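The values are calculated or read from the model by the stated rules, or taken from the named source; none is laboratory data. Keep in mind that what you see is a predicted model, and the values were worked out from it rather than measured. Here the Cβ positions follow ideal geometry from the backbone for every residue, glycine too, while neighbour counts run over all protein chains shown. Accessible surface is based on the protein model in full, side chains and every heavy atom, while ligands, DNA and RNA are left aside. Shrake-Rupley method; radii C 1.70, N 1.55, O 1.52, S 1.80 Å.
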Amino acid sequence: MSSRRDSDFARLEQLLQEERRNRQEADERAGQERRRAEEADERAGQERRRAEEADERAEQERRRAEDEQQNRCFETSGEQVWTVVGKYPAVEIMSQKQDHISTFIVYSFTPQNSSGWTPLHQAVFMGASHQQISRLIQQFGALRLLRTSWTDSSELPYRRMTAAEIARELGYTDLFTLLAPTIYHCVPYDVLATLQEHFYGLIRLQLHQLPQELANLRLPELVVLTELRVPLMWFPLKPAVTGSPRGYMYRLDRRELLVKSFRIGDPGNIKLFRISEAGLMEIEEAIVFNI
């Protein structure tokens with residue numbers, strides 16, 4: 001009787017051990033499944049992050065391409081532009097700072113009595129096709145808000161005209177929409193006019209000892225900044241030392257203008273200014289230039 005109970009207990013203990021082993025194996029399998037699921041989730045998370053990073057890079061490339069497309073000007077030498085424009089002095093040349101996203105628009109220094117006709121004005125006046133005009137704007141970044149300084153009164157009714165106005169006067173109705181500028185920075189005209197006067201005042205003040213150079217400048221119009229995604233432009237002056245840029249870099253900052261003057265007066269002098277409706281103020285640093 002006693003041996004039977006011992007046998008039953010031994011059998012029961014064996015069953016309990018098997019049950020414990022089964023539970024341990026089940027727990028281990030569940031743990032392995034959980035770890036595999038966690039690893040799969042981690043891999044999925046990594047794939048998702050890589051996809052997000054790829055999307056981010058693609059978006060950055062798209063924005064960079066749009067900025068370059070919007071702001072790019074003619075990639076030619078001054079002599080080549082002059083040939084394209086004929087008797088009209090060029091006002092658009094491209095200058096790009098290494099890998100910086102923004103493209104700087106460059107005004108050439110021209111006498112005040114120059115016509116101010118750009119390749120876009122000339123192309124519209126000469127009856128270029130819709131495709132050719134579109135290429136000037138979309139591929140080369142021709143600015144649609146620039147106005148001529150004068151026109152021949154026997155051909156056009158006004159001295160200061162945009163390419164769109166020329167097209168309207170000549171009846172090129174298919175170009176109206178194409179020549180309408182896209183405005184990215186909605187600054188009131190009176191504010192722009194005030195900023196421009198203060199900017200001109202700064203240039204005249206810094207160049208007052210160089211009257212001949214000042215007399216030969218066609219000062220830039222700030223309104224064209226409003227059609228640039230990155231409202232940054234460069235107004236060059238003739239370098240005092242070969243290879244040393246000289247002039248003004250300026251950028252809209254909401255309803256104010258940031259100006260950086262290079263080597264005006266002192267060859268090594270660089271100054272920063274903030275211009276508002278209230279006037280001009282020299283500042284120490286302007287991080288918005290990002291250069």
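Cβ contacts < 7 Å: first residue over 11 Å from Met249 (Cα atoms), restricted to the stretch 263-274; second residue at pLDDT below 70, any location; separation 6+ or different chain. Result?
Arg263/Ala240; Pro267/Ala240; Pro267/Val241
Tell me, which residue of the stretch 155-188 that is part of a loop (DSSP other than H, G, I, E, B) and among the hydrophobic types (A, V, I, L, M, F, W, C) is surrounded by the fewest Cβ atoms within 10 Å (Cβ to Cβ)?
Of all residues in the stretch 155-188, those part of a loop (DSSP other than H, G, I, E, B) come to 155-162, 171-172, 180-188.
Filter once more, keeping what is among the hydrophobic types (A, V, I, L, M, F, W, C): 156, 161, 180, 183, 186-187.
Values: Leu156: 16, Met161: 24, Ala180: 11, Ile183: 12, Cys186: 6, Val187: 19.
Out of the qualifying residues, it is Cys186.
Before we move on, is Pro245 in a loop (DSSP other than H, G, I, E, B), touching a Phe, Trp or Tyr at 6+ places or on another chain (Cβ under 6 Å) and modelled with pLDDT under 90?
yes
Mind counting the residues in the stretch 224-264 that are among the aromatic types (Phe, Trp, Tyr) and open to solvent by less than 20 Å² (accessible area, probe 1.4 Å)? Outline the logic, then answer.
So in the stretch 224-264, the residues among the aromatic types (Phe, Trp, Tyr) come out as 234-235, 248, 250, 262.
Next, only the ones that are open to solvent by less than 20 Å² (accessible area, probe 1.4 Å) stay: 235, 248, 250.
Within the stretch 224-264, residues that are among the aromatic types (Phe, Trp, Tyr) and open to solvent by less than 20 Å² (accessible area, probe 1.4 Å) number 3.
Take the residues in the stretch 272-281 that are open to solvent by 70 Å² or more (accessible area, probe 1.4 Å) and either at pLDDT below 90 or in contact with a helix residue (DSSP H, G or I) (Cβ under 7 Å, 6 or more places away or on another chain) (or both); name whichever of them is nearest to His198 (Cα to Cα). Walk me through how you get there before you give the answer.
Going residue by residue through the stretch 272-281, those that are open to solvent by 70 Å² or more (accessible area, probe 1.4 Å) are 277-278, 280-281.
Then keep just the ones that are either at pLDDT below 90 or in contact with a helix residue (DSSP H, G or I) (Cβ under 7 Å, 6 or more places away or on another chain) (or both); that gives 277, 280.
On the way: Glu277: 8, Leu280: 7 Å.
The selected residue is Leu280.
Of these, Asp55, Asp67, which one is at pLDDT 85 or above and either surrounded by 10 or more Cβ atoms within 10 Å (Cβ to Cβ) or under 36 Å from the mean Cα position of the chain (by Cα) (or both)?
Working: Asp67 fails: at pLDDT 85 or above.
From the options Asp55, Asp67, the qualifying one is Asp55.
Which one is farthest from Met281 (Cα to Cα) among residues in the stretch 211-221 that are of a type outside the set (D, E, K, R) and surrounded by fewer than 15 Cβ atoms within 10 Å (Cβ to Cβ)? Before the answer, list the steps.
Here is the first cut: in the stretch 211-221, the ones of a type outside the set (D, E, K, R) are 211-212, 214-217, 219-220.
Cutting the leftovers down to surrounded by fewer than 15 Cβ atoms within 10 Å (Cβ to Cβ) gives us 211-212, 215.
Values: Pro211: 24, Gln212: 26, Ala215: 25 Å.
Within the stretch 211-221, the match that is farthest from Met281 (Cα to Cα) is Gln212.
Inside the stretch 33-48, can you point out the residues that are open to solvent by 70 Å² or more (accessible area, probe 1.4 Å) and more than 41 Å from the chain's Cα centre (by Cα)?
Those that are open to solvent by 70 Å² or more (accessible area, probe 1.4 Å) and more than 41 Å from the chain's Cα centre (by Cα): Glu33, Arg34, Arg35, Arg36, Glu38, Glu39.
Need the failing condition index for Leu217 against (1) in contact (Cβ under 8 Å) with a residue 24 or more places away in the chain; (2) not in a loop (DSSP other than H, G, I, E, B), just the number.
The single condition Leu217 does not satisfy is (2).
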